[in-house]
Amino acid sequence: MLAGTSRKVNFPYLHHMNCGEPDEAAETQERGPCDLRLPPSSLDAVGETASTTMDRVGSPAELAGLLDRHAYLCDEGLATACFLALRMGRPLFLEGEAGVGKTELAKTLARALGAPLIRLQCYEGLDASQALYDWDFPRQLLHLRAAEAAGVHDVARLEGELYDRRFLLARPLLRALETAPSVLLVDELDRADDEFEAFLLEVLSDFTITVPELGTIRAERPPVVVVTSNRTREVHDALKRRCLYHWLEHPSFDREVAIIRRRLPDAAERLAGQVARAAQRMRGAGLLKPPGVAETLDWTEALVALGARELDPASAAVTLGAVLKYREDQQRVLGGGLGALLNGG
């Protein structure tokens, strides 16, 4: 909802600019995957379904079962943290090694709740215009040209029209506030700058955004927020205090086998066990980038695609690139002998 209409516009200089056709690539980018919208009627139906599902989840065990039906296996600690985040309306902050299932949890949670997933991928240099909103400058220029061609001379009205809602490009944070309910994934926050982290804290504090030209936009129902970090740097305590925190470990052997069998039912039980055991040993081998669950699944999928029923040195050697992504790690594993890795020698 909008509150207030404080407009601060000063755009007459556009009259003297080169108002050429908007760049087609830029226009395509602005209408990329981050800006796709469902029709209002579809959004209403999605919102009602998601709200009903959220309200019916009465315990961590029920939430774990719901996630399990969508092929995500979580332990009691993660299920409890996720359940409390839903019940308390607090962001869930997930930290852990890459590939342990942080991002996948948010994706699965959105599917399980029947809510749209809105993803903000963080990177160095990310700012408010890319995360929050921006003005559709090419369309504003076209509007000016059309007004000039029509002989419009009311400058005040024209300048006001330039900052109409139709020219506002909603980025992930704004779309999450306007889509009720939704799951907002702020992925790999540790890659962003400190300035963006402080800005995100402000948005998550009361789930409101002020657009000076339009007013204050408040979330009718705050989104479910999942923030992830690979801990390449420490995220500030102020943001962590706003969230419920959970550290994701690599799964135990039995759980990893269960994950493989759940996600890749075509994999033989023996193969799943061998891959999980090899991955567990790699994580204790001091590699530059130990494999996560994502790599374990990739490795198993590659072996299944080759028709392998079990993991032997020959099949492991030709598929090693699916699980180890650094040359030094591959050389270390090969140098130690694949037989030793597979047999525990």
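The values are calculated or read from the model by the stated rules, or taken from the named source; none is laboratory data. It should be emphasised that the depicted structure is a prediction, and the values quoted were computed from it without experimental measurement. Methodologically, a virtual Cβ is constructed for each residue, glycine included, from the backbone with ideal geometry; neighbour enumeration extends over all protein chains shown.
The set of residues in region 223-253 that are in contact with a strand residue (DSSP E or B) (Cβ under 9 Å, 6 or more places away or on another chain) and part of a loop (DSSP other than H, G, I, E, B) comprises PRO223, ASN230, ARG231, VAL235, CYS243, GLU249, HIS250.
The residues on offer are VAL186, VAL225, VAL235, and the sole one that is within 14 Å of ALA128 (Cα to Cα) and either aliphatic (A, V, I, L, M) or not assigned by TED's automatic domain parsing to the domain that holds PRO116 (or both) is VAL186.
Table: residues versus (1) in contact with a Lys or Arg (Cβ under 9 Å, 6 or more places away or on another chain); (2) more than 25 Å from ALA106 (Cα to Cα).
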residue: VAL225; (1), (2): yes, no
residue: THR232; (1), (2): yes, no
residue: VAL235; (1), (2): no, no
residue: ALA258; (1), (2): no, no
residue: ALA279; (1), (2): no, no
residue: ALA285; (1), (2): yes, yes
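Annotation: GLY335 fulfils all but one of (1) outside any helix (DSSP H, G or I); (2) over 24 Å from PRO91 (Cα atoms); (3) modelled with pLDDT under 95; the unmet one is (1). The residues of region 226-244 that are surrounded by 14 or more Cβ atoms within 10 Å (Cβ to Cβ) and of a type in the set (Ser, Thr, Tyr), listed by number, are THR228, SER229. Here ALA272 passes the criteria (1) buried (at least 19 other Cβ atoms within 10 Å of the Cβ); (2) of a type in the set (Gly, Ala, Ser); (3) assigned by TED's automatic domain parsing to the domain that holds SER205 except the one numbered (3).
Confirm whether ARG175 is buried (at least 19 other Cβ atoms within 10 Å of the Cβ), basic (Lys, Arg) and either within 30 Å of LEU94 (Cα to Cα) or at pLDDT below 90 (or both).
So ARG175 fits the description; yes.
Restricting the first member to region 51-62 and to residues that are modelled with pLDDT of 90 or more, and the second to residues that are loosely packed, with under 13 Cβ neighbours inside 10 Å and part of a helix (DSSP H, G or I), the beta-carbon pairs closer than 7 Å and six or more apart or on different chains are PRO60/GLU76. Tell me, please, whether a residue that is within 28 Å of the chain's Cα centre (by Cα), hydroxyl-bearing (Ser, Thr, Tyr) and within 20 Å of MET54 (Cα to Cα) can be found in region 112-134. Within region 112-134 (the criterion being within 28 Å of the chain's Cα centre (by Cα), hydroxyl-bearing (Ser, Thr, Tyr) and within 20 Å of MET54 (Cα to Cα)), the answer is no, since none of the residues qualifies. Restricting region 196-225 to residues that are of a type in the set (D, E, K, R) and touching a residue at least 24 places away in the same chain (Cβ under 8 Å), the residue that is surrounded by the most Cβ atoms within 10 Å (Cβ to Cβ) is GLU197. Across region 281-327, what is the number of residues that are assigned to a helix (DSSP H, G or I) and either touching a residue at least 12 places away in the same chain (Cβ under 8 Å) or aromatic (Phe, Trp, Tyr) (or both)? Residues that pass the stated criteria total 22.
Tell me, which helices (runs of 4 or more DSSP H) wholly within region 50-139 include 3 or more residues that are hydrophobic (A, V, I, L, M, F, W, C) and crowded, with 17+ Cβ neighbours inside 10 Å? Step through it out loud before you land on a result.
Values: elements: 60-68, 76-88, 102-113, 128-131.
It comes to 60-68, 76-88, 102-113.
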